[in-house]
Every structure is written in structure tokens, then in C-alpha cells.
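Each remark here refers to the structure printed beneath this line.
The values are calculated or read from the model by the stated rules, or taken from the named source; none is laboratory data. Note that this is a predicted model, so its numbers are computed, not measured. In this analysis, Cβ positions are derived from the backbone assuming ideal geometry, glycine residues included, and neighbour counts consider all displayed protein chains.
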Amino acid sequence: MPKRTARVPDDLVVRVVDELFRTQLHPEGREWRYSEVAAAVNSRYLHLLDGNPLHPTHVSKLRLGDIREPGRRTLLALCAFFQVPITRFFPELDALNEPGITPAAQLHHALQRAGLSPAMVNHLQRLIREIQLLQDGIPMDPLGGPLDAPR
């Protein structure tokens, strides 16, 4: 078998995959093996791959740059496994944080995505708002809400 030389990570996918392996270490403090990543993705995140298993050689080829344009689902599964946002592979998505999206709307969306019930989402948003008001020095009514708010 011919000796293979490692490629210089010259594109974003290769750099990010390599960085994930170097920084998101196995609990034993070492890099994950490709077979471990594939097995974990297939056991926990196969639904992200439409039921098509991820093979260790595919993971290796992603890291070496042999696959130039990996599928979106593969990247999603890797992000889920390494517990990083998909914006690592698509940094331009960070630029889409429009000024019209308020922090309250972002919080609401995040709580919904956490799988909480609508009632729990509303309850947590009220609690957070009360904490913010207290932090701003606005006195709170024991029944909830600022003392100067109309009833």
C-alpha cells in the first residue's frame, strides 16, 4: 500500500473536523477514534443521517479532505456528536443574526428547542424577566410584576 501523506487543512470543513478531533477529546483525554465517532453517531444520531450509517472511513476522509463537499446531514451528525453548533461549519450563519431578532425571541426559541412544554417556556421567561427587573433595581410585587406596573 502506498504511503499516504496528510493533506494541509486548506478548506473550512477539513480545518473544523480536524479541530474537533484535536479539541473535543475522548473522556480518557485522547482523540476519538474514527470507529468510536461512527459508532456513537450511528447509535445516537442515525436519525440525522436518514438511517444511513456513518462509516469510520468516511469520517477519516472528511478529516483528510478526501471528501470535498460533505452532506449537510453528515455535518449535523458530527456537530451533534461533538456538541458544537452547526455554525462551526457555516460561520456565515452567525452573520444572519438580524438586529430585529430580540434577545427575548432568541430565548423563547432556545427554550422551545430544549423540548420544554409551552407552559414551562412561558414560566421560565417570566422568571427570567423578573430576575432582570430585580437586577435593574425595579422593586417587584410579591404576586409578580413590577410595583409600578398597571394592574
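Annotations for the structure displayed:
- Count of the range 67-89 residues which are more than 10 Å from Val16 (Cβ to Cβ) and of a type outside the set (S, T, N, Q): 13
- Residue selected from the range 72-88 under the condition without any contact (Cβ under 8 Å) to a residue 12 or more places away in the chain and under 10 Å from the mean Cα position of the chain (by Cα), by the criterion surrounded by the most Cβ atoms within 10 Å (Cβ to Cβ): Cys79
- Residue selected from the range 49-66 under the condition under 22 Å from Thr23 (Cα atoms) and of a type in the set (Gly, Ala, Ser), by the criterion modelled with the lowest pLDDT: Gly65
To keep it simple, each residue is scored yes or no on (1) in a loop (DSSP other than H, G, I, E, B); (2) loosely packed, with under 14 Cβ neighbours inside 10 Å; (3) not assigned by TED's automatic domain parsing to the domain that holds Arg30.
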position	(1), (2), (3)
Leu48	no, no, no
Pro70	yes, no, no
Glu92	no, yes, no
His109	no, yes, yes
Gln112	no, yes, yes
Gly115	yes, yes, yes
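- Residue check for Arg30: at pLDDT 90 or above and either outside any loop (DSSP other than H, G, I, E, B) or surrounded by fewer than 16 Cβ atoms within 10 Å (Cβ to Cβ) (or both): yes
- Among the residues of the range 1-26, the one identified as β-branched (Val, Ile, Thr), loosely packed, with under 12 Cβ neighbours inside 10 Å and at pLDDT 90 or above is Thr23.
- Contact map, the range 60-71: residues that are free of Cβ contacts under 8 Å to residues at least 12 places away in the same chain paired with residues that are in a loop (DSSP other than H, G, I, E, B) and not polar (S, T, N, Q), Cβ distance under 6 Å, separation 6+ or inter-chain. Pairs shown: Lys61/Ile67.
- Condition broken by His58, with the remaining ones in (1) exposed (fewer than 13 other Cβ atoms within 10 Å of the Cβ); (2) over 19 Å from the mean Cα position of the chain (by Cα); (3) of a type outside the set (D, E, K, R) satisfied: (1)
- If you filter the range 117-127 down to residues that are among the aliphatic types (A, V, I, L, M) and in contact with a helix residue (DSSP H, G or I) (Cβ under 7 Å, 6 or more places away or on another chain), you find that the one that is surrounded by the most Cβ atoms within 10 Å (Cβ to Cβ) is Val121.
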